[in-house]
Amino acid sequence: MLTASYAGNRTITIAEAEPVSPAQGQVQIKVAYTGLCGTDLHILHGNMDARVSTPLVFGHEMSGTISALGDGVTGWRVGDAVTVMPLDWDGTCPACLAGNQHICQNLNFIGIDSPGSLQGYWNVPSEVLVALPSTLRLDHAALVEPTAVAVHDVRRGNVQPGDKVVVIGGGPIGVLIASVAREFGGEVVVIELDPNRRAQIGELGFETLDPRETNQVDWVTQWTDGAGADIVFEVSGAAAAVLGATDLAKVRGTLVVVAIHPVPREINLQRLFWRELTILGARVYQRVDFEKAVELLDGGIIPADLLITKIVPLTETQDAFGDLEGGLAMKILVDVQAGS
C-alpha cells in the first residue's frame, strides 16, 4: 500500500508500506477517501511540530470499508462502510470524569498524535468507528468529520429557529456551519473576502458580504433592525476578524470561536463588557454530532458536490495542499487507493 507522511519542513513523502494486521480490539479499514483540511495545513506549515512526531502519516477526514477484524471485536463485519471519529481519550482525567471526553486533557487525536488515514489500510480502535448507511456515497462520506465539527459548533452556539447568524469565513467549515445553522432554523449571512467562494456560497442561497466593499457592522445592524446578530461564528482565523466580531453581536449575543488561532489575538473586551456578550470555544465534536452529520449528508442537506472541488490520487497530496494554500479549492479529497 501507499502512505503519505508529513516529514517536516513543509514536505510530504509518499512511500510503500506493508499493511499490518489489526491488534486485539482494533479494526482494519481499507481507506477509500481522505479529505484535506485546515488542521492538516497547520501540520504542513510546521505550526504543530512541537506536538507531532515525524514522519507522521496524517489525515482524519475519511471514509472506507472494514477489511479485517482484530480479536475481540464484535458488532462489525468485513465490508461494512464506516468513518472514524478520531478521538481516543483516557477516561481518567478531570475532563473525562466530568463527561467531556471529547476534550480529554490527554487526548490522542488520531491522525495528529498517532497515525492517520492517508494510507491504504488503517488500524483503529473499534470504539471510534461510525457506521455509514449504504445510501451514502463514500466520497460524500469523507465529509462526515468536518460536518460533525459544524454540527458541534452550531450546537455550542445554541442556534434556534429565527436566530440571525453571521459566519465570518466562507471556507469549507464556514459553509458547513452556515448549512447546519440554516437547517436548525437560523437566518444566515456569510462574510468572505474571496469572490469565487462568495459566488459558490451564493449558489446555495446564502447572503454574502465582502467586508472590503460593505460596512459589515452597518449591514448587520440594518439586517437585525438595530439589534445585532444573535450568534457570530469566527471561522476565518484572521486577527482582524476576531477584533471586529464583537461589533456584530447583539446585547447578550454569542461569539463562537471555531478557527484555530496559532498565536494570541486581540479582542474588544470593552464591547464584551458593554453588551454582556458570551464567548465560547468550539473544539472537535461528540458522537451525537457525528450521527447528525451522517444524517445530514445522507439526506442531501449538506452540499457535498459543491464542497468537493476535486479528487486526487495519494501521490498528488503535496500538490493538493498547494491548491488549498492558493485558495484554488474548497475541499480536496485524496483517493487513497488510486495508483496503489
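For the chain, the orientation-averaged shadow of the C-alpha convex hull comes to 17.0 nm² (one quarter of the hull surface).
In straight-distance terms, cross-link reach from Lys310 covers every one of the lysines whose alpha-carbon lies under 18 Å from its own, apart from those fewer than eight places away in the same chain; here that gives Lys331.
Residues of region 146-163 with amide nitrogen under 17 Å from the 7 Å Cα-to-Cβ point of Val288? Flagged as within label range: 148-161. Dimensions of region 228-340 from C-alpha coordinates, computed as largest minus smallest value along each principal axis and given longest first, are 58, 32, 22 Å. Put a dot 7 Å past the Cα of His45, heading toward its Cβ, do the same for Thr65, and the two dots end up 3.8 nm apart. Multiplying the residue separation of Ala131 and Lys310 by 0.36 nm and subtracting their alpha-carbon distance yields 62.0 nm. Relative to one another, the C-alpha centroids of region 99-166 and region 286-309 are positioned 10 Å apart. A Cβ-based charge dipole, computed about the Cα centre of region 147-281 with Lys and Arg at +1 and Asp and Glu at -1, lands at about 360 debye. To the nearest ten degrees, helix 172-183 and the longest principal axis of the Cα atoms of the chain are 70 degrees apart.
Helix 144-157 and the longest principal axis of the Cα set of the chain meet at an angle near 30°. Taking only Cα atoms, what is the 0 to 90° angle, nearest 10, from helix 287-298's long axis to the longest principal axis of the chain? So the inclination is approximately 90 degrees.
With N counted as the residues of region 139-199, its alpha-carbon radius of gyration over 2.2 N^0.38 Å works out to 1.10. If eta is 1.306 mPa s and T is 10 °C, what Stokes-Einstein diffusion coefficient results for region 147-281, Kirkwood Rh from Cα pairs, in µm²/s? D, rounded to a whole number, is 110 µm²/s. When His45, His140 are sorted by how many other C-beta atoms sit within 10 angstrom of their C-beta, beginning with the fewest, the order is His45, His140. Counting Lys +1, Arg +1, Asp -1, Glu -1, what net charge surrounds Gln101 among other residues with beta carbon under 14 Å of its beta carbon? Charge balance near Gln101 sits at -2. Over the chain, Cα pairs under 8 Å with separation of 6+ residues give a relative contact order of 19 percent. Sorted fewest first by neighbouring Cβ atoms within 10 angstrom, Thr74, Thr39 come out as Thr74, Thr39. A simple packing score, the average count of other Cβ atoms within 10 Å per residue, orders the peptides 282-288, 173-179, 67-73 as 173-179, 282-288, 67-73, with the highest score first.
Dipole magnitude of the chain about its Cα centre, charges +1 at Lys/Arg Cβ and -1 at Asp/Glu Cβ only, in debye to the nearest 20?
480 debye
Placing unit charges on the Cβ atoms of the charged side chains and taking the dipole of region 147-281 about its Cα centre, the candidate lying farthest along the positive direction among Ser236, Asn268, Gly171 is Asn268.
Read the figures in this text as sums done on the coordinates, not as results from a lab. Since we're looking at a predicted model, the values are computed, not measured. Glycine also receives a Cβ, built like all others from the backbone with ideal geometry; neighbour counts cover every protein chain displayed.
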